[in-house]
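Report on the structure given below.
The values are calculated or read from the model by the stated rules, or taken from the named source; none is laboratory data. As the structure is a computational prediction, the values presented were derived from the model and not from experiment. Quick reminder, even Gly has a Cβ in these numbers, built from the backbone with ideal geometry, and neighbours come from all protein chains shown.
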Amino acid sequence: MTVAAKGKGGGAKEPRFAERVIAWQRTHGRHDLPWQNTRDAYRIWVSEIMLQQTQVSAVIGYYQRFMEGFPNVAILARADADEVMRHWAGLGYYSRARNLHRAAQLVMSEHGGVFPQTQEEIEALPGIGRSTAAAIRAFAYGARAAILDGNVKRVFARHGGVSGYPGEQKVERVMWEMAQERLPTGELEPYIQGLMDLGATLCVRSRPRCKDCPVAVDCVALSEGRTAELPTRKPKKELPQRETTMLVLMRAGSVLLEKRPPSGIWGGLWSLPQADDDAAARKLAKTLGADWDDGEYLRVIEHGFTHYHLSIKPVLLSARVRHGTEEPGHLWLPLAEAHGAALPSPVKKLLTGLAAGTPLFD
Ligand code: SF4
């Protein structure tokens, strides 16, 4: 593994890399995203959390609805956890929403409702790492702080010719050094935004648009014909396959939903009652007042998580009674309204398909 950076990116004395990124950002970068042109740390913070692992185009609608629902940190801190999850449903990586909510409460209780300013204080909030804290400081306070998110790692790996998987500590350390060395002394916001824009629009994962790139002239990956191999991919590991049976329990046009535990997969969202296998599902159906033998298997749904693949076997059942109506953690919801609930995306897809009469049987 080679982790030495070869690129002449310019150090503190000669910030050529930064100058080119800044000039390019001013003419070709993004300037009108809903979280830009503000110094409001709250708005910037929410956007940075949503943008972790999610593309700008997918975030915009969620961001706007979230801001309408929770226009400031005090309102978010006071909000019901269910309401926060409902605004996040479909965006994925739900621990981000739980952390955001918890962090808002800490901003109120520990910082008097004012978003903190130092790197240490910001990083101490749940769900905020070094790069996110630096981006918030740069955009909200104009601080000189290096960022290193996934897109920026790709730019640095290619431009500097850094081999080795960037998730590895040794490689990441080299990249943080590069990030630090390349920081300009001023114009931090266009530089940080420019790096993000470059990674998202030109230096994309497959087929980067090098001919339009402002740092192409000394890009190591381009000159050595290695843009397809850098950054080095994560060493492949076969993901385990798991199965679950979900009960789509219907009664008079309503479906029974069950609240997921607050942590873990789909934590805090509403989902369908589920069991590890058919034998357990049969027992569960009985407990919930349905006859398993009258059930119909619907089409299997395949869902990928970071650490495993899940095959979901949905079974459509009729309940004789509305079991669990009075129990916390259970909810009978008219099927036609299911799309508005805080549901994991495969469950939402299944229920909206059922409501629309989409053929779901094999
Ligand atoms: S020249 Fe191509 S590979 Fe190099 S940084 Fe620019 S877009 Fe990325």
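Descriptive notes on the structure:
- The listed residue being within 29 Å of residue 226 (Cα to Cα) and not basic (Lys, Arg), out of 197, 82: 197
- Segments classed as strands (runs of 3 or more DSSP E), wholly inside region 276-362, with at least 3 members that are under 18 Å from residue 257 (Cα atoms): 309-318, 330-334
- Filtered residues of region 42-76 (kept if aromatic (Phe, Trp, Tyr) and within 16 Å of residue 149 (Cα to Cα)): 45
- Being modelled with pLDDT under 50, assigned to a loop (DSSP other than H, G, I, E, B) and either over 30 Å from residue 115 (Cα atoms) or in contact with a Cys (Cβ under 8 Å, 6 or more places away or on another chain) (or both) holds for only one residue in 13, 6, and it is 13.
- Filter result for the condition that a residue is more than 30 Å from residue 337 (Cβ to Cβ), surrounded by fewer than 18 Cβ atoms within 10 Å (Cβ to Cβ) and either within 16 Å of the ligand (Cβ to nearest atom) or not assigned by TED's automatic domain parsing to the domain that holds residue 98 (or both), over 228, 280, 252, 221: 228
- Any hit, region 188-199, residues being near the ligand (Cβ under 10 Å from one of its atoms) and within 23 Å of the chain's Cα centre (by Cα): yes
- Screening residue 168 against (1) modelled with pLDDT of 95 or more; (2) surrounded by fewer than 22 Cβ atoms within 10 Å (Cβ to Cβ); (3) of a type in the set (D, E, K, R) leaves a single unmet condition, (1).
- Sole exception among (1) surrounded by fewer than 16 Cβ atoms within 10 Å (Cβ to Cβ); (2) free of Cβ contacts under 8 Å to residues at least 24 places away in the same chain for residue 66, by number: (1)
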